[in-house]
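Enquirer: The structure's right below; bear with me while I get my questions together.
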Amino acid sequence: MNRRSFIKNASYTGAGIAAAATGISCNSGASHPDQEQVKEISVKNNKNKPIAICTWGFTKANETAGKALDSGMNALDAAIKACAVEEENIKNTTVGKGGAPDREGNVTLDACVMDSNGDCGAVVCVENITNVAALARVVMEKTPHVMLAATGAEELAYKHGFQREDLLTESSKKSYQEWLKTSEYKPIINIENHDTIGVLCMDKNGDIAGACTTSGLSYKMKGRIGDSPIIGSGLFIDNEIGGAAATGMGEEIMKTVGSFLIVELMRQGKSPQEACEAAVKRIVAKNPNHTNFQVAYIAMNKAGETGSYCIHPGFAMMEYKNEHNKRIETVSYL
Ligand code: SD4
């Protein structure tokens, strides 16, 4: 088999793509394809692009990204646009405006973005700014840094025209006051419908980017940061391979650097589904307490295959492909 036909054949499977991307020659005796060729094959054979997937049943957000991609928007813009839908949705109590406050009653937001060049930006513990995924992009593009915290991030936001907003809504204030009566702190995530949004987009060029945004654990300790704004934990993209995003108990996701792990497993030849399963099982194996918390992952590879997996039933992924937005009930470990 000559080099060209090896590349052609390799492009039909996720394993082939991963092998090609890492330069593994399988048993073909082929020489290592260069990166440009890898990109060419995987994009050419992906008939499904553009694609948007996101965590939970965020129908409108995912559709917003999908339609924007259909009309030619690039992957990063589309992912941030999808996040903005939930950041501005005051009924979502774990993202943006209307997000649950910390124990002291202050709403603090975390977010990150990563683009197809491997550039990334993040903000943590930000008050008074709704669109923190867009702010994470400002950190990426307008500063020499990757991550800014609290008032530093907030000041940057004002410099770039973001509006100051009170993020604590009447309804979240009421729930907080109710919580204060017992102040019971049980950091257990999930089972309700709305949660952190992580979005992965592949645009018409086949380039992948993502964004993740959250208010984190409800009534968290002051200053607590979860996985969502941590590059590699809440989100990771490698445009040669694919991307992954996480939701659920941030502390557990960070201990295994979950999204990075999934992308690396895809690099080694696993499909997005297999990689999500392996990453969840890694957490399960390390933590006998896993029945007490939720972790869920979504992933996409360069061929446009997607996957998702979680510990507990109740998690769903949205997928927009071929102009169709659908909800995929995710298979769970338990
Ligand atoms: C966190 N992972 O702060 C986020 C919260 C979340 O589903 O995803 N909830 O730990």
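The values are calculated or read from the model by the stated rules, or taken from the named source; none is laboratory data. Keep in mind that what you see is a predicted model, and the values were worked out from it rather than measured. In this analysis, Cβ positions are derived from the backbone assuming ideal geometry, glycine residues included, and neighbour counts consider all displayed protein chains. Just so you know, the surface numbers come from the protein's heavy atoms only, side chains and all, with ligands and any DNA or RNA stripped out. Shrake-Rupley method; radii C 1.70, N 1.55, O 1.52, S 1.80 Å.
Enquirer: Tell me, what is the per residue accessible area of segment 171-306 in Å², probe radius 1.4 Å? Walk me through the intermediate numbers first.
Expert: Details: 5080 Å² over 136 residues.
Here the per-residue accessible area is 37 Å².
Enquirer: Just need log10 I(q)/I(0) for segment 78-163 at q = 0.13, 0.19, 0.24, 0.26 Å⁻¹, Debye formula, equal scatterers on the alpha-carbon atoms, no solvent, rounded to two decimals.
Expert: For segment 78-163 at q = 0.13, 0.19, 0.24, 0.26 Å⁻¹, log10 I(q)/I(0) is -0.37, -0.78, -1.17, -1.32.
Enquirer: Dividing the alpha-carbon Rg of segment 38-123 by 2.2 N^0.38 Å yields what?
Expert: So the Cα radius of gyration is 1.30 times the expected 2.2 N^0.38 Å.
Enquirer: With the crude spin-label approximation of a point 7 Å out along Cα→Cβ, what separation in nm comes out for E170 versus S332?
Expert: Placing both labels 7 Å along Cα→Cβ, they lie 3.5 nm apart.
Enquirer: Using only the Cα atoms of segment 237-334, construct the convex hull and provide its projected area averaged over every direction, in square nanometres to one decimal.
Expert: Directional mean of the projected Cα hull area for segment 237-334 stands at 5.9 nm².
Enquirer: Work out how far the C-alpha atoms of segment 38-329 reach from end to end along every principal axis, then list the three figures in whole Å, largest first.
Expert: Reported extents, whole Å, longest axis first: 57, 47, 34.
Enquirer: How big is the equivalent ellipsoid of segment 122-273 along its three axes, where each semi-axis is √(5λ) from the Cα gyration tensor, reported in whole Å from largest to smallest?
Expert: Equivalent-ellipsoid dimensions as semi-axes: 28, 21, 13 Å.
Enquirer: While we're here: What share of Cα pairs, in percent, lie more than 13 angstrom apart in segment 76-118? Could you put the intermediate results ahead of the total?
Expert: Details: 534 of 903 pairs.
Result for the distance tail: 59 percent.
Enquirer: Further, regarding this structure: At 1.4 Å probe size, with the rest of the protein present, what percent of the exposed accessible area of segment 215-331 is carbon and sulfur atoms? Mind dumping the intermediate values first?
Expert: Values: 2060 of 3990 Å².
Ligands and nucleic acids excluded, carbon and sulfur give 52 percent.
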